[in-house]
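Take a look at the structure below.
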Amino acid sequence: MRTSCLNVLTFTLVAALSSVSSSAVRAASPEPVKAENGMVVTAQHLASDIGVEVLKKGGNAVDAAVAVGYALAVVYPTAGNIGGGGFMTIRFKDGKTTFLDFRERAPAAATKAMYLDDKGQLVDGLSTEGYLAVGVPGPVLGFEVARSRYGTRPLQELIAPAIALAKDGFRLEQGDIDSFDGETERLGKDPAAAAIFLKPDGKPFAVGETLVQADLAASLSRISEKGTDAFYKGPIADAIVKASADKGGILAKTDFEKYAVRELEPVKCNYRGYDIVSSPPPSSGGVIICEILNVLEGYPLSYLGYGSAETVHAMIEAMRHAYVDRNTTLGDPSFVENPIAKLLDKAYAAEIRGKIDPFKAGVSQALMPEGFAESKETTHYSIIDDEGNAVAVTYTLNGSFGAGVVAPGTGILLNNEMDDFTAKPGAPNLYGLVQGEANAIAPGKTPLSSMSPTIVSKDGKPFMVIGSPGGARIITITLEAILNVIDHGMNIQEAVDAPRIHHQWLPDKVFMEPYALSPDTRKLLSAMGHDVQIDKSWSIWGQATGILVGGESLAEISEGGGARYNGAVDSRIGAGAARGY
Ligand code: GLY
């Protein structure tokens, strides 16, 4: 162990410069996909193909994002959806940015204690399974707001490929089958879901078989013909509300009629000269990524190196402090005052650094604010067009296949996003997050998210489009991809593939992917007091998708010879693809 991270700051610049000027030497990752005119990176190759076709025909990145959003609802049913919610971060060619919030809202009949029994204890499964777990869905209106404000193509043209895929079906490949893994029993409990996503004998589909979704094709056709009213005011809302009432849910037609998309100012910060634009509340993502980056800016990560005990210690402690703020202060901006200015302040980051002992692990319990008692399936896609408009979208059903229910006749899987609220202060949710009052359930409120669709620019030009699924880990996965490119000189493919670590304040554990840390590093971290372990409950961490502009890595960008667009789909994904033209 060196004496202290802070003592070596002066060497960092030299190390960083030498890593930038060296020619690209690849690690154990495939080459990024290269293109000159446009790039679409998604978790399912057919959706990527559809997005790139939109770009080739002259549609812009927002058009492609809408077409991809509808396509993933068909070909990536574990997370792609029109029955959930999401966020879209846009950076236009002129450098202006915006953010669309089309996340779920709590039904009007929702109450703070709706998941507790009469003794005040959480009722297992109530916030994750079935209709009581469902928030009012946003993607259909979200895509339409994006398209009508910033797109150039008619809805009918953008939704048509998704309708065709649902109607004619698509051939399932190994990556598709993997995304159904472990869901047979759950999907089997809902007859409408089982009729679509399982074979007539109740068994899961196999490679080479075709998934046809006739009801979903009909719902998408209605949206294509009648617009968003078909979903929010017409037969689709009626069918969902009826199914909810039949199965103990609380969704009402007025919840759908009143649903509105919010256009918000994205969160912005600067990290070592790079401008980061990401998700504001009701996401915690952008704020917490920026807070962690602000803390880490004071440490010479490039010099200390990827995976060294000092780098990892600084990351863990920055994450620990930032997740306290996430879990205890943030919530829907229409309901709570979010302390954004404080959390993004570089002076606040310096204050946090002052509390970090360079030789010793912090103690999460010691950071417990006074009065505070003690899924994984989302999907992200990244798009950039010929003009340089960049779009990052993360959207989700929350858990894999959401609440595991399909309203009969609609073909639409519904979310279990209500679990992202604080069902009971101090009790962990699906992602082990221990949260507070700011994120308590209220009618019409949006649960706090970690989704972090992020666009990085440098010197006024787009540099990186990045994001990931992964529940509470979305934030650290996206953060680590940024650090891997900027501090560690990795190319975009290596940056999304590299093994990761995660800390979220509570539980007070450092989770690592297999091989993320060498035995030597683990020993050093343990000696500092960190409890480092592989989380056996997460077989695959979130699958990031990213684009780097001007070269595959900082080294190639500095040499000036790189491809304009460099796309990378996480090697953890079986079905995804980066497609360019
Ligand atoms: N449901 C995951 C998130 O929004 O953070």
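Throughout, read-outs are computed from the coordinates displayed, never taken from laboratory work. On a predicted model such as this, the values are computed, not experimentally measured, just so you know. So basically every Cβ, Gly included, is an ideal-geometry build from the backbone, and we count neighbours across all protein chains shown.
Mind listing P(r) for segment 85-180? All alpha-carbon pairs, 10 Å bins, whole percents.
Histogramming segment 85-180 at 10 Å steps yields 12, 25, 30, 24, 9, 1 percent.
Could you tell me which of the pairs K199/K424; K233/K268; K247/K424 are separated by over 32 angstrom between their Cα atoms in the structure shown?
Working: K199/K424 38 Å; K233/K268 36 Å; K247/K424 23 Å.
The answer is K199/K424; K233/K268.
Regarding segment 382-436, what whole-number volume in Å³ per residue does the convex hull of its Cα atoms give?
Spelled out: Cα convex hull of segment 382-436, divided by residues, is 123 Å³.
Above 15 Å lies some portion of the pair distances; for segment 93-136, what is it as a whole percent of all C-alpha pairs? Don't jump to the answer; show the numbers that get you there.
Numbers: 550 of 946 pairs.
Within segment 93-136, distances greater than 15 Å cover 58 percent of Cα pairs.
From the phi of every residue in segment 302-310, what ³J(HN,Hα) in whole Hz does the Karplus formula 6.51 cos²θ - 1.76 cosθ + 1.60 yield, where θ is phi - 60° and glycine or proline is x?
Couplings: 4, 5, 5, x, 4, x, 6, 4, 5 Hz.
Measure out, as a whole number of angstrom, how far apart the alpha-carbon centroids of segment 325-363 and segment 269-312 sit.
Here the two parts' Cα centres lie 13 Å apart.
Using packing as a proxy for protection, rank 38-45, 484-491, 110-117 so that the peptide with the highest average count of other Cβ atoms within 10 Å comes first. Walk me through the intermediate numbers first.
Working: 38-45: 31.4, 484-491: 24.4, 110-117: 16.9.
Most protected by this proxy first, the peptides run 38-45, 484-491, 110-117.
Within a Cβ distance under 9 Å of G562, other residues only, what is the Lys/Arg minus Asp/Glu net charge? Don't skip to the end; give the middle numbers.
Values: positive: K34, R564; negative: E552, E556, E559.
Once positives and negatives cancel, what remains is -1.
From the Cα gyration tensor of segment 303-458, with a ≥ b ≥ c the square roots of its eigenvalues, which class applies: rounded if a/c is under 1.5, or else prolate if a/b is larger than b/c, or else oblate? It would help to have the intermediate numbers written out before the result.
On the way: a/c = 1.89, a/b = 1.30, b/c = 1.45.
Taking the square roots of the gyration eigenvalues as a ≥ b ≥ c, segment 303-458 is oblate.
If amide H atoms are built 1.01 Å from N in the plane of the peptide, which residues on other chains or at least 5 residues away come under 5 Å of the amide H of A544?
So A544 has HN proximity to D570.
Beyond a 23 Å Cα-Cα separation, which of these cross-linked pairs lie in this structure: K203/K242; K56/K93; K93/K458; K355/K509? Write out the running numbers ahead of the final one.
Details: K203/K242 28 Å; K56/K93 17 Å; K93/K458 13 Å; K355/K509 19 Å.
Listed pairs above 23 Å: K203/K242.
Using Stokes-Einstein with the Kirkwood hydrodynamic radius over Cα pairs, what translational diffusion coefficient do you get for segment 242-328 at 10 °C and a viscosity of 1.306 mPa s, in µm²/s rounded to a whole number? Don't skip to the end; give the middle numbers.
Working: Rh = 16.0 Å.
Rounded, D is 99 µm²/s.
Would you mind computing Rg(Cα) / (2.2 N^0.38 Å) for segment 497-548, counting N as its residues?
Working: Rg = 12.3 Å, N = 52, 2.2 N^0.38 = 9.9 Å.
The value comes to 1.24.
Remind me, what semi-axes does segment 470-581 give for its equivalent ellipsoid, largest first in whole Å, using sqrt of 5 times each Cα gyration tensor eigenvalue? Provide the component values of the computation, followed by the final result.
On the way: eigenvalues 167, 55, 23 Å².
Equivalent-ellipsoid dimensions as semi-axes: 29, 17, 11 Å.
How large are Rg and Dmax for segment 257-379 when calculated on the C-alpha trace, in angstrom?
Radius of gyration, then largest Cα-Cα span, for segment 257-379: 15.9, 56 Å.
Short version: ³J(HN,Hα) in whole Hz for each residue of segment 203-220, in order, from phi by Karplus 6.51 cos²θ - 1.76 cosθ + 1.60 (θ = phi - 60°), x for Gly and Pro, what are they?
Result, rounded to whole Hz: 8, x, 5, 10, 4, x, 7, 10, 9, 9, 10, 5, 5, 5, 4, 5, 5, 5.
Nothing charged except the Cβ atoms of Lys and Arg (+1) and of Asp and Glu (-1): what's the magnitude of the dipole of the chain about its Cα centre? Round to the nearest 20 debye. Before the final figure, lay out each step's value.
Working: 52 positive and 68 negative charges, 84 e Å.
Using only the charged Cβ atoms, the result is roughly 400 debye.
What residue among V74, L100, V134 has its Cα farthest toward the positive end of the dipole of segment 54-135, where the charges are +1 on Lys, Arg and -1 on Asp, Glu, each on the Cβ?
Selected residue: L100.
Taking amide H positions as placed in the peptide plane 1.01 Å from N, state which residues far from S283 in sequence (5 or more) or on other chains have amide H under 5 Å from it.
When sequence neighbours closer than 5 places are left aside, the close amide H contacts are S449.
Which three numbers, in whole Å and largest first, are the semi-axes of the equivalent ellipsoid of segment 188-319 derived from its Cα gyration tensor as √(5λ)? Please report the intermediate quantities before stating the final value.
Working: eigenvalues 399, 117, 45 Å².
With the √(5λ) rule applied to segment 188-319, the semi-axes are 45, 24, 15 Å.
Taking segment 134-255, how much of its Cα-Cα pair set, in percent, is spaced more than 17 angstrom apart? Numbers along the way, then the final one.
Values: 4855 of 7381 pairs.
Roughly 66 percent, rounded to a whole number.
Reachable aspartates and glutamates from K57, Cα under 19 Å, same-chain residues fewer than 8 places away excluded?
Output for K57: E36, D49, E157, D385, D386, E387.
Taking just the alpha-carbon atoms of segment 146-201, what radius of gyration and Dmax come out, in angstrom?
16.0, 46
Can you work out ³J(HN,Hα) from phi for every residue in segment 104-120, in order, using Karplus 6.51 cos²θ - 1.76 cosθ + 1.60 and θ = phi - 60°, giving whole Hz and x for Gly and Pro?
5, 10, 5, x, 4, 8, 5, 10, 4, 9, 5, 9, 10, 8, 5, 9, x
For the chain, state what percent of all Cα-Cα pairs lands in each successive 20 Å bin, counting from 0 Å until the bin that includes the largest distance.
With a bin width of 20 Å, the distribution comes to 23, 57, 19, 0.
In deg cm²/dmol, rounded to 500, what helix-only [θ] at 222 nm does the chain give when every DSSP H run of at least 4 residues adds -39500 (n - 2.57) and the total is split over its residues? Could you put the intermediate results ahead of the total?
Numbers: 21 runs with 205 residues, N = 581.
Per the formula, -10500 deg cm²/dmol.
Quote the charge dipole size of segment 128-243 about the Cα centre in Debye, to the nearest 20; the model charges only the Cβ of Lys and Arg (+1) and of Asp and Glu (-1).
Around 480 debye, computed over segment 128-243.
If one puts a single equal scatterer on every Cα of segment 400-479 and applies the Debye formula without solvent, what log₁₀ I(q)/I(0) results at q = 0.12, 0.17, 0.21 Å⁻¹?
Per q value, in the given order, log10 I(q)/I(0) is -0.50, -0.83, -1.01.
Give the long-range amide H neighbours of Y271: residues separated by 5 or more places, or on another chain, with amide H under 5 Å away, using H modelled in the peptide plane at 1.01 Å from N.
I276
If segment 228-282 were replaced by its equivalent ellipsoid, with semi-axes equal to the square roots of 5 times the Cα gyration tensor eigenvalues, what would those be, largest first, whole Å? Write out the running numbers ahead of the final one.
Numbers: eigenvalues 293, 32, 14 Å².
They are 38, 13, 8 Å, listed from largest to smallest.
Using unit Cβ charges (K, R positive; D, E negative) and no other charged atoms, how large, in debye to the nearest 20, is the dipole of segment 340-449 about its Cα centre? Kindly include the intermediate steps, with their values, before the conclusion.
Details: 8 positive and 13 negative charges, 80 e Å.
Using only the charged Cβ atoms, the result is roughly 380 debye.
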